[in-house]
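Worksheet: one structure, shown below.
Just so it is clear, none of the values below were taken in a lab; they were calculated from the coordinates. Values in this document were obtained by computation on a predicted structure and should not be read as measured data. Reconstructed Cβ throughout: ideal geometry from the backbone, glycine too, with neighbour counts over all protein chains shown.
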Amino acid sequence: MADTKRILILGATSAIAERWARLRAGRGDRLMLIGRDRDKLAAIAADLRARGAADVLTAESDLADTEGAAERFAAYLERLGGLDLVLVAYGQLGDQASAQRDVEQLERWLRANFLSAAVWCELAAGALEAADGGTLVAISSVAGDRGRRSNYVYGAAKAGLSTFLEGLSHRFAGTAVDVVSVRPGFVDTPMTAHIPKGGPLWATPEQIADDIERAIAKRRSIVYTPWYWWLVMLIVRNLPRPIFDRMKF
Amino acid sequence: MTGDRPAVSVHDVDGILAWGRVHRGRHRVAAPGWPGDVAAAARASAAGSNTLARGFGRSYGDSGLNLGGGLVDMTGLDRVLAFDREAGVLRADAGMSLEAVLRLVVPAGWFLPVTPGTKFVSLGGAVANDVHGKNHHVAGCFGRHVRRLGLWRSDRGLVECAPDTEPELFAATVGGLGLTGVMIWVEFALIPIAASAMAVENERFEGLDDFFRLSEDGADWPYTVAWVDTLASGSRLGRGVFSRGRPATTGPLTPHRPGGPTVPVTVPGFLLNRWTVGAFNRLYHAKPGSAFSGEQPYDPFFYPLDRIRNWNRLYGPRGFYQWQGVVPPTLARDAVRTLLERIARSGEASFLAVLKNFGDLESPGLMSFPAAGTTLALDFPNRGARTLALLADLDRVVAEAGGRLYPAKDGRLPGAEFRRGYPAWRNLERLRDPMLMSSFWRRVSQGE
């Protein structure tokens, strides 16, 4: 196929990454999947091949560990044979309370969700710039829009990532390199499938994947998904302190 | 939020509903995201007692529930393992829906060998209920097209079942209501299509004799089914619309589009009564589409109700009962006539009444529902004792004709009556995984 894209997915075993990869496999793209678990990568690769991917490569790697990141990234690109699209999707939800008790865990968590993600995004941006175009998509979170007592460690890491992506987007304005910062709300993963959801705010990984596809096509730099989280977070960000402080979330 | 999916955990969940919304209750739920997590999910949700694999919860009664026990939510296991585009063979996780299968295989020129009236069922559910469709007279049940299954059993671990390697366990698993092990994957044969549209002919008929005549005349059509007006009585008894179809021979291979309207809330139960249903039936019988002839996409032909998500909420907070029975060919005319007379006399309104002649192709399944003869499928809003009395009346007609009922649609048949209809039930009980159980099986294998 003439317009087969070469796609690198960092954190390919996440539910959102997997659903998005299915969309790209259906278009006949060439994919490289990076993650920690060999069996899970193999299961996803087989699925994507059956769905029509031109080729699916895999590599096991702990992305939170950035030692030798530049060399590792170069090796991925060599195997993939170039780069058109990158999705940075890994992350850890973690447990706020245990991060408050244990600062070493707090540091590991920030490393996984921000520090390492910034390193891979910088490498990806550099590669796309050298290739004269392409798209970097990274999954941040609405949690980064305002610090809250229930998850400010995760939120701070995602705020850092959102700002980093915003800066990249600014740097590449007017060029053929696009940077998309994805901010999902609550996502219904298999683990929560039978839990009656508190209201309409829960989305499926398929919906998020569809929104990512649209954002890439429309060259959007920030996308709240589903879209109404833009409104929800506009309100949350602007709640006056006396009201915000009384809220438990 | 994003990130790695956590390892298997268990949640107590209240109010899990069967599709008919009459049966509901608390379960310990585990939802594996990977085949390797199934054993842990089964053990964790069983918690020393028992559990049951569940897909999209489209069974109407209690066969997809295990009240007070565990459930393994299989819908996270939805990956394709292998798709042979030349031979038309698909091997996929048991939690993959027929809807997802269609989106994958239709553009490649393949179709499901057999499909029920909704595409929102899992492959595991299709096997466990050995589902049938409008092509039963030429293709038999889904189980006839299954080549191999991956099962996890608490006493044996992973077992690959095929008709030649594990004949007894394979036969018990096809139509085995999910009790012989947790199905991990299914390999089955697809059928080729030249185009995704269906060539369809609909025709009104004015009585049961016409239905049987049209069924015989239409036997060379691969897909046939009839809708009947259960409120018509006297000279109009058994009037309806006969529908037959076959895949178009030319045209594009376009999969259905996901989405469509949804019923957002449960509507008040009085909206579906004999007057509104009667008005609908008169309009449906009279509408121009009832004499339609031409092409239509496969989606509205096979899955008209899928176009309204959560249509089961239309029956109100008390839910509804489905009822489907089959009666043998020699007694079918009289038995179906008696069934329709009893319904018309009761004044209970069945919104969806479907009549079809099954063929005589046997399923490999020990406990498969379809048998040569005529099947009638009905649903009634739950109006308590009145509805149950009518259903018991219909049960007797089926019993006298030597027929039986479909477990996937049942939530109240007396155990003794079930065991009469399915003498092989003891074999299923013998091959049942000791860790697996359902509310349905507790009721029919033990109760009166």
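Annotations for the structure displayed:
- Distance cut-off 21 Å, percentage of C-alpha pairs in segment B:174-240 lying past it: 54 percent
- Antiparallel content of DSSP bridges confined to the protein assembly as shown, in %, to 5: 65 percent
- Converting phi to 3J(HN,Hα) with the Karplus coefficients 6.51, -1.76 and 1.60 and the offset θ = phi - 60°, segment B:392-402 yields 5, 5, 5, 4, 5, 4, 5, 5, 5, 8, x Hz in sequence order, with x at every glycine or proline.
- Between B:Trp185 and B:Ala94, B:Gly150, the built amide H atoms are under 5 Å apart, and every one of these is 5 or more places off in sequence or on another chain.
- When the charge dipole of the protein assembly as shown is built from unit charges on Cβ atoms (+1 for Lys and Arg, -1 for Asp and Glu) and taken about the Cα centre, the candidate among B:Gly125, B:Val398, A:Ala46 whose Cα reaches farthest toward its positive end is B:Val398.
- The mean count of C-beta atoms from other chains within 10 Å of the C-beta of residues in B:77-85, rounded to a whole number, is 5.
- Virtual paramagnetic centre 7 Å along Cα→Cβ of B:Asp164, amide N under 20 Å, in segment B:68-85: B:84
- Two-site label geometry, A:Thr175 and B:Glu86: point separation in nm, points 7 Å out along Cα→Cβ: 4.6 nm
- For B:Lys287, the aspartates and glutamates whose Cα falls under 17 Å of its own Cα, not counting residues fewer than eight places away in the same chain, are B:Glu201, B:Glu203, B:Glu206, B:Asp229.
- Legend: residue pairs A:Lys158/A:Lys218; A:Lys218/A:Lys248; A:Lys40/A:Lys248, Cα-Cα distance threshold 30 Å; pairs beyond threshold, A:Lys218/A:Lys248; A:Lys40/A:Lys248.
- Fraction of the pair-distance distribution of chain A above 32 Å, Cα-Cα pairs, percent: 19 percent
- Nearest-20 debye value, segment B:34-129 charge dipole, Cβ charges on Lys, Arg, Asp, Glu: 60 debye
- Test item: A:41-51 mean partner chain Cβ contacts at 10 Å: 4
- Extension gain for B:Asp360 to B:Arg147 (0.36 nm times residue separation, less C-alpha to C-alpha distance): 74.6 nm.
- Signed unit charges on C-beta, dipole axis of the protein assembly as shown, positive-most listed residue B:Ala30, A:Leu168, B:His285: B:His285
- Gained length - A:Thr204 relative to A:Arg101, 0.36 nm times residue gap less alpha-carbon distance: 33.8 nm
- Per-residue 3J(HN,Hα) values for segment B:376-386, derived from phi via the Karplus relation 6.51 cos²θ - 1.76 cosθ + 1.60 with θ = phi - 60°, read 10, 10, 9, 9, 10, x, 6, 10, x, 4, 4 Hz in sequence order (x marks Gly and Pro).
- What you get for segment B:10-75, charging only the Cβ of Lys and Arg (+1) and of Asp and Glu (-1), is a dipole of about 140 debye around the Cα centre.
- Around the amide H of B:Leu65, modelled in the peptide plane, lie the amide H atoms of B:Ser439, B:Phe440, all under 5 Å away and 5 or more residues distant in sequence or on another chain.
- Compactness of segment B:21-65, taken as the C-alpha radius of gyration over 2.2 N^0.38 Å, stands at 1.23.
- Cα centroids of segment A:69-122 and segment B:123-178: 43 Å apart.
- Residue list for segment A:30-51, given a label point 7 angstrom along the Cα-to-Cβ vector of A:Thr4 and an amide N cut-off under 15 Å: A:30-32, A:49-51
- If R0 is 56 Å, the Cβ-Cβ spacing of B:Ser235 and A:Asp65 corresponds to a FRET efficiency of close to 0.10.
- FRET efficiency for A:Leu115 and B:Asp12, using Cβ-Cβ distance with R0 set to 41 Å, rounded to 0.05: 0.65
- Highest mean packing first, where packing is the average number of other Cβ atoms within 10 Å per residue, the peptides B:318-326, A:174-182 line up as B:318-326, A:174-182.
- Full extension of the chain between A:Asp245 and A:Tyr228 yields a length gain of 3.8 nm, computed as 0.36 nm times the residue separation minus the alpha carbon distance.
- For the protein assembly as shown, the equivalent ellipsoid built from the Cα gyration tensor has semi-axes of 48, 27, 25 Å, listed from largest to smallest.
- With the simple model of a label 7 Å out from the Cα in the direction of the Cβ, A:Asp37 to B:Phe292 spans 4.5 nm.
- ³J(HN,Hα), Karplus 6.51/-1.76/1.60, whole Hz, each residue of segment B:28-45, x for Gly, Pro: 8, 10, 10, 10, x, x, 9, x, x, 9, 5, 4, 5, 5, 5, 5, 5, 6
- Gaussian network model of chain B, springs between alpha carbon atoms under 10 Å - residue of B:Ala41, B:Ala389, B:Ala53 with greatest fluctuation: B:Ala389
- Normalised by the number of residues in segment B:393-448, the average gap of Cα pairs under 8 Å and 6 or more apart makes the relative contact order 42 percent.
- According to the Kirkwood relation over distinct C-alpha pairs, the hydrodynamic radius of chain B is 22.2 Å.
- Spatial separation of Cα centroids for segment B:350-394 and segment A:209-244, in angstrom: 49 Å
- Electrostatic dipole magnitude of chain B [Cβ: Lys, Arg +1; Asp, Glu -1; Cα centre; debye, to 20]: 1140 debye
- In this simple spin-label approximation, B:Phe280 and B:Ala194 carry label points 7 Å from Cα along the Cα→Cβ vector, and these lie 3.7 nm apart.
- Selected from B:Pro317, A:Trp227, A:Ile139, residue furthest toward positive end of dipole (the protein assembly as shown; charges at beta carbon): B:Pro317
- Trypsin sites (Lys or Arg not before Pro) within segment B:136-206, DSSP loop, no more than 13 other Cβ atoms inside 10 Å: B:Arg156
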